[in-house]
Amino acid sequence: MLKTSRLAIAATLFALASSANAGFYLGAKVGSVDVDIDVDPNIDADSDIGYNLNVGYQFTKYFGIEAAYVDLGEHDYNQAITSSFSVEGNVAVRGMDVSAIATLPLSEQFSLYGRVGYYLWEADINFRTIGSIPGLSSLSSSTNDDGGDISFGVGASYAVSEKVDLQLGFTRYAADDIDIDADLIGLGVKFSF
């Protein structure tokens, strides 16, 4: 029984790898990143430009895996505590993401995709107080943190040729240890080999 199971698994892997759509690809995506700092809903954070550089392997026209370096930009934020006292700072998040990607071809050129992955992130966080409260002096701090959390997203892809796709996608990256969610909405290109 065990020998039959191994043979079935080997045959399945061979069929996936020998698919006409199988192969490596390189890609890049750039777009707008909005962050949500969950510590307090009154924190206002600026948007910034983010990007990813990725390499992947398409097993079939329906399934692939991808590894990417993701830079989510540097986001300035502020929070008014009182009319004369506020906190301002910035947070920069970057890291590596590994995702499984499911594709739904709608035609020869157009497809939709969904992704779920794991994002290993690193963040630099800076803040300082502005203004004064009696008995409280000005504060500033810089720190960094790292962790790993889920990423997920959806998008559409248009094949401009047999080897080049243009993509439009949304991906959410979580950094739960520092209570930040970052949404990248961007345009990308994928070069298949």
Report task. Taking the options ILE130, ILE101, name whichever one is touching a residue at least 12 places away in the same chain (Cβ under 8 Å), farther than 18 Å from ILE43 by Cβ and out of contact with any helix residue (DSSP H, G or I) (no Cβ under 9 Å at 6 or more places or on another chain). Result -> ILE101
Query - Residue match in segment 42-65 (condition: within 21 Å of GLY169 (Cα to Cα), in contact with a strand residue (DSSP E or B) (Cβ under 8 Å, 6 or more places away or on another chain), charged (D, E, K, R) and modelled with pLDDT of 95 or more) - result: no
Query raised in the report: Considering segment 82-94 alone, what residues qualify as being in a strand (DSSP E or B) and without any contact (Cβ under 8 Å) to a residue 40 or more places away in the chain?
Result: GLY89, ASN90, ALA92, ARG94
Query raised in the report: Under 9 Å by Cβ, and 6 or more places apart or on different chains, what pairs join a residue from segment 36-65 that is at positive phi with one that is at pLDDT 85 or above and among the aromatic types (Phe, Trp, Tyr)?
Result: none
Query raised in the report: From the set of residues in segment 88-113 that are among the hydrophobic types (A, V, I, L, M, F, W, C) and surrounded by 18 or more Cβ atoms within 10 Å (Cβ to Cβ), which is nearest to the chain's Cα centre (by Cα)?
Result: VAL93
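The values are calculated or read from the model by the stated rules, or taken from the named source; none is laboratory data. Quick caveat: nothing in here was measured; it's all calculated off a predicted structure. As a convention, Cβ positions derive from the backbone with ideal geometry for all residues, glycine included, and neighbour counts pool all protein chains shown.
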